[in-house]
Amino acid sequence: MIDLRTLRENPDLVRASQRARGEDPSLVDSLLSADERRRSSVSRADSMRAEQKRLGKLVGAASGDERTALLAKAKELAAEVKTAESDQHAADAELVEAHRRIPNLVEDGAPHGGEDDYVVLKHVGKPREFDFTPRDHLELGEGLGAIDMERGAKVSGSRFYFLTGVGAQLQIALLSMAAQQAAAAGFTLMITPSLVRPEIMEGTGFLGAHDSEVYRLRDDDLYLVGTSEVPLAGYHSDEILDLSAGPRRYAGWSTCYRREAGSYGKDTRGIIRVHQFDKVEMFSYCPPEQAHDEHLRLLAWEEEMLSKVELPYRVIDTAAGDLGSSAARKYDCEAWLPSQQSYREVTSTSNCTTFQARRLNVRLRTEDGRTQVAATLNGTLATMRWIVAILENHQEADGSVRIPDALRPFLGGKDRLVPVT
């Protein structure tokens, strides 16, 4: 949730953020009204409770007719207090609902517009020129005995798959390299739960507009996570952190689940857009004033991984209208795919400022002993989609695939994957 003090002091800033996202700025006025009604109801209920307390003391000191009159007045006031408290509870609920409808404030400098209005910040590496017609990742993967989509669909349905043989080895190697890099950079490695409670999923901003993307186990009232960002955000819910030694950083290795609702007809071939995949995700808690710089550090770690697997890529600054509700700013790294002659996302990193932590009640202790809401950030360090780019960019004419130097130790020194058919 956004800071209500910012709303009260600078509502035009919130309206501008809504317009940048393509969202309804009138929601700001609804939240302002709900906030005013809630503050008014609290003030009225507090005032009436104080009067009730004062009257109670008078009753205790009175006698005779005076006491009888005061008791009658106290009974009447008790009914009014009950009504005022009911009004306060209703105003509280109205405020929460209006508050949750406002996404995070867009960071100054983020591009305005929608999905196609991103800004390319840089290109790294040049797409390879092939002297043969390059295969796509599925043809390569099937030839290597690495991907089996047919049996994945037989067992689980569309957009499911088996990674087999060297495919499974390649994923484990890639994620292991990411985990090793994260540990060397000071991250605490985590194997996270795949199921979370509704308040954790909602606290990270993945419900509401994103309901259709999330798998829910209704009998257990639990949700399957689409990223370890969710359990890592909830890890310190209702806690006060000591960040005096620097940001608290975690790297979560998890299986992720996404319904891919609304993606009918998109990327139906291969493992680009699937319902289940594994990922190593960076997650950071830091003081709000450090969040911008921490965001750039997460991006740098993502680029370090991309350099290790020798992929040509570009970095884009995502437009406000394409941000998730929790993100104030997001950078994507997109690797070149020869089969599509285009760049496709392989990592993203988001600065969620205090939006998630305010929902989940994650605070930090300041130097002067006060508490304030922490900032949270996340970033992909490696995921199964990277296999697509690795296979396609490092393929040879005979269908074999060269293993990038940095990845070889994680594959037992193997320098090449060779076709099995």
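Quick notes on this one:
- For Met1, the stated conditions hold: it is part of a loop (DSSP other than H, G, I, E, B), among the aliphatic types (A, V, I, L, M) and either under 21 Å from Ala93 (Cα atoms) or not assigned by TED's automatic domain parsing to the domain that holds Ala74 (or both).
- Among residues of the range 30-50 being free of Cβ contacts under 8 Å to residues at least 60 places away in the same chain, among the small types (Gly, Ala, Ser) and surrounded by 14 or more Cβ atoms within 10 Å (Cβ to Cβ), the one that is nearest to Arg100 (Cα to Cα) is Ser41.
- When the range 292-342 is filtered for residues that are more than 22 Å from the chain's Cα centre (by Cα) and within 20 Å of Val119 (Cβ to Cβ), the ones remaining, listed by number, are Pro312, Tyr313, Trp336, Ser342.
- Condition check for Asp65: at pLDDT 90 or above, out of contact with any strand residue (DSSP E or B) (no Cβ under 7 Å at 6 or more places or on another chain) and over 22 Å from Arg385 (Cα atoms): no
- Among the residues listed as Ser348, Ser326, Ser342, Ser400, the single one being hydroxyl-bearing (Ser, Thr, Tyr) and in contact with a helix residue (DSSP H, G or I) (Cβ under 6 Å, 6 or more places away or on another chain): Ser326
- Residue list for the range 317-375, restricted to those being assigned to a strand (DSSP E or B) and either outside the structural domain of Gly246 (by TED's automatic domain parsing) or without any contact (Cβ under 8 Å) to a residue 12 or more places away in the chain (or both): Ser342
Conditions (1) surrounded by 13 or more Cβ atoms within 10 Å (Cβ to Cβ); (2) within 26 Å of the chain's Cα centre (by Cα); (3) over 30 Å from Ala320 (Cβ atoms); (4) among the hydrophobic types (A, V, I, L, M, F, W, C), marked per residue:
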{"site": "Ala110", "(1), (2), (3), (4)": "yes, yes, no, yes"}
{"site": "Asp116", "(1), (2), (3), (4)": "no, yes, no, no"}
{"site": "Arg128", "(1), (2), (3), (4)": "yes, no, yes, no"}
{"site": "Gly143", "(1), (2), (3), (4)": "yes, no, yes, no"}
{"site": "Ala146", "(1), (2), (3), (4)": "yes, no, yes, yes"}
{"site": "Met149", "(1), (2), (3), (4)": "yes, no, yes, yes"}
{"site": "Gln169", "(1), (2), (3), (4)": "yes, no, yes, no"}
{"site": "Gly186", "(1), (2), (3), (4)": "no, yes, yes, no"}
{"site": "Thr192", "(1), (2), (3), (4)": "yes, yes, no, no"}
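- Flag for Ala291 being without any contact (Cβ under 8 Å) to a residue 12 or more places away in the chain and farther than 21 Å from Thr255 by Cα: no
- Among the candidates Ser228, Ser212, residue that is of a type in the set (S, T, N, Q) and at pLDDT 95 or above: Ser228
- Hits in the range 212-236 - residues which are surrounded by fewer than 17 Cβ atoms within 10 Å (Cβ to Cβ) and either part of a loop (DSSP other than H, G, I, E, B) or over 16 Å from the mean Cα position of the chain (by Cα) (or both): Tyr215, Arg216, Leu217, Arg218, Asp219, Asp220, Asp221
The values are calculated or read from the model by the stated rules, or taken from the named source; none is laboratory data. Values in this document were obtained by computation on a predicted structure and should not be read as measured data. Cβ: placed from backbone, ideal geometry, glycine included. Neighbour counts: every protein chain shown.
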